[in-house]
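Asks: Just passing along the structure, written as structure tokens.
The values are calculated or read from the model by the stated rules, or taken from the named source; none is laboratory data. Computed from a predicted structure; not experimentally measured. Counting neighbours? That spans all protein chains shown, and the Cβs are built from the backbone with ideal geometry, glycine included.
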Ligand SMILES: [Zn+2]
């Protein structure tokens, strides 16, 4: 009798244990299925207003004024991350006896519109000596000529706070003497700091877009995400609000100019 009682007790206990197990299984959190959502890097910069420069850099919380030792302009801004990376590159260049100076950085829509319309109206002569209005009355050809070196407002990478123009606006400066030393140093070192030349020589790798600009460098860790967004969301019809904007579609500004960059910049 005593023996069978202990068997009964064991049976009861083991049944309780299995109930506990069941209860634990029931309340254990169900694993959430793994859905691979694309990670959007820098989401704040992935909108049409930002990429077309419709904001004031001095009022944008992510932008910083470039300290005067790094630029020959006043009141020029960059995204803080771009500026920090530039300062590191500047210091490394200085150690090697190379002087870098920012000649232009963020330009918003209004700023770019002033440059564009000055060229469009002939009040600013093009770098090849032409008066765009008098010498090129055909609006498509005129826009095309200006776009050898200048972007339409809304279509410039200078809106993004990731792109800088360094030292001089002439390729010839970078092809001899001091300028050649600067360019050789940049070619060998800029990528370590995240900077890439956007408008390399035209050719198989870059058949369309602006002419070569040895002075224009982009901070790729951020700009590659904005470029990817442009590929998906930018349209020529969004380029409005300035003289000559009706030429944007026939010149395929988004495909040929905004995206007409060296493949390394994607
Ligand atoms: Zn530039």
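Asks: Can you work out which of the residues in the range 75-109 that are under 30 Å from residue 240 (Cβ atoms) and free of Cβ contacts under 8 Å to residues at least 40 places away in the same chain is surrounded by the most Cβ atoms within 10 Å (Cβ to Cβ)?
Replies: Among those residues, the one meeting the criterion is 76.
Asks: Moving to a separate point now. Report yes if residue 12 is assigned to a loop (DSSP other than H, G, I, E, B) and either modelled with pLDDT under 70 or farther than 23 Å from residue 86 by Cα (or both), otherwise no. Spell out the reasoning first.
Replies: Details: assigned to a loop (DSSP other than H, G, I, E, B): no; either modelled with pLDDT under 70 or farther than 23 Å from residue 86 by Cα (or both): yes.
For residue 12, the condition - assigned to a loop (DSSP other than H, G, I, E, B) and either modelled with pLDDT under 70 or farther than 23 Å from residue 86 by Cα (or both) - is not met.
Asks: Follow-up question, since we're still on this one. For residue 94, indicate whether it is in a helix (DSSP H, G or I), more than 23 Å from the chain's Cα centre (by Cα) and modelled with pLDDT of 95 or more. First the steps, then the outcome.
Replies: Working: in a helix (DSSP H, G or I): yes; more than 23 Å from the chain's Cα centre (by Cα): yes; modelled with pLDDT of 95 or more: yes.
In short, yes.
Asks: While we're looking at this one, here's another question. Pairs please, first residue from the range 143-158 and under 14 Å from residue 215 (Cβ atoms), second anywhere and modelled with pLDDT under 95 and part of a loop (DSSP other than H, G, I, E, B), Cβ atoms under 7 Å, 6+ apart in sequence or on different chains.
Replies: Between residues of the range 143-158 that are under 14 Å from residue 215 (Cβ atoms) and residues that are modelled with pLDDT under 95 and part of a loop (DSSP other than H, G, I, E, B), the close pairs are 149/127.
Asks: State yes or no: is residue 194 buried (at least 17 other Cβ atoms within 10 Å of the Cβ), touching a residue at least 40 places away in the same chain (Cβ under 8 Å) and on the phi > 0 side of the Ramachandran plot?
Replies: yes
Asks: Which of the strands (runs of 3 or more DSSP E) contained wholly in the range 114-222 include at least 3 residues that are out of contact with any strand residue (DSSP E or B) (no Cβ under 6 Å at 6 or more places or on another chain), within 24 Å of residue 63 (Cα to Cα) and within 16 Å of the ligand (Cβ to nearest atom)?
Replies: none
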